[in-house]
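Novice: Dropping a structure here in structure tokens format, bear with me for questions.
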Amino acid sequence: MFNVATDFNVDYRIDGKLTPVSVRWPTDEEWASYIRKKPNLFRVLSRGRTQPLPSPTEGDLELYQKIQLNGAPPLSGAEAEGLINGFSLCEVMNVELGAEEAIIQMDTQLGEVKHTLKIPSMEQVRKFQATAEITTRPQNQLIQVRHDATPAGQLWDKCSPRTEGYEGPIPLHHKDVAIRQVIEALKRESQYGREENF
């Protein structure tokens, strides 16, 4: 059962040694701020070819310092990034598009969860895509993509959501992952059509 009130207590490797670390789940505001500051970076190699680059870790360290508990030890930026990636695991197991609803099954550090959402309209999807990502391309041939989780949470709220596997509020991170998976599934459906049409 996933509960944002749960403290995450892990033995985490710091300088190669397993060390007890305790953190709380970030608030939606903290998570939204973290995601906005965490760019995906790509180097342009040639036309149509890019190379992913490591993202800066200052935002990871900043978030860790806000959520650390019980005298948790200081971490480097890279260590903070690894820890956040670990406890925020939200792996999509399956996405099923029905006639009017989508079912998204995900695995988290606290067990499996399920979201059932009314499928958003194409107009809602277009508005979401226009506000959720910012891409810049400076002269040094680096592409920087940032995304904002807040519009995803707002769209999720509009899709008459029902959930299983949660106790308490649904974290913004999970809303973000779920709604983006629905949009990706809709894109695949529009490109290849539904199986029963063939």
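Derivation of every value follows stated rules applied to the coordinates shown; laboratory data play no part. Nothing here was measured: the structure is a model prediction, and the numbers come from that model. Quick reminder, even Gly has a Cβ in these numbers, built from the backbone with ideal geometry, and neighbours come from all protein chains shown.
Novice: Give the label of the value calculated from the structure for volume of the Cα convex hull per residue in Å³, choosing from (1) 151; (2) 104; (3) 130.
Specialist: (1)
Novice: So how do 93-99, 106-112 stack up, highest first, on mean other-Cβ count within 10 Å?
Specialist: Per-residue mean Cβ counts within 10 Å order the peptides as 106-112, 93-99.
Novice: Between 0 and 90 degrees, rounded to the nearest ten: what's the tilt of helix 172-192 against the longest Cα principal axis of the chain?
Specialist: Rounded to the nearest ten degrees, it is 40.
Novice: Also: If each residue of separation counts as 0.36 nm, what is the full-extension length gain between Leu142 and Arg43 once their alpha-carbon separation is subtracted?
Specialist: Between Leu142 and Arg43, full extension yields 35.2 nm more.
Novice: Sticking with this one: Report the label-to-label distance for Ala130 and Ser55 in nanometres (one decimal), using points 7 Å from each Cα along the Cα→Cβ vector.
Specialist: Taking the simple label geometry, Ala130 and Ser55 are separated by 2.6 nm.
Novice: Using a Gaussian network model on the chain with a 10 Å cutoff between Cα atoms, which of Glu101, Glu58, Glu123 fluctuates the most?
Specialist: Comparing Glu101, Glu58, Glu123 in a Gaussian network model of the chain, the most mobile one is Glu123.
Novice: Can you compute the modelled spin-label distance between Ser22 and Gln191, with each label point 7 Å from Cα toward Cβ, in nm?
Specialist: Going by the 7 Å Cα→Cβ label model, 4.7 nm.
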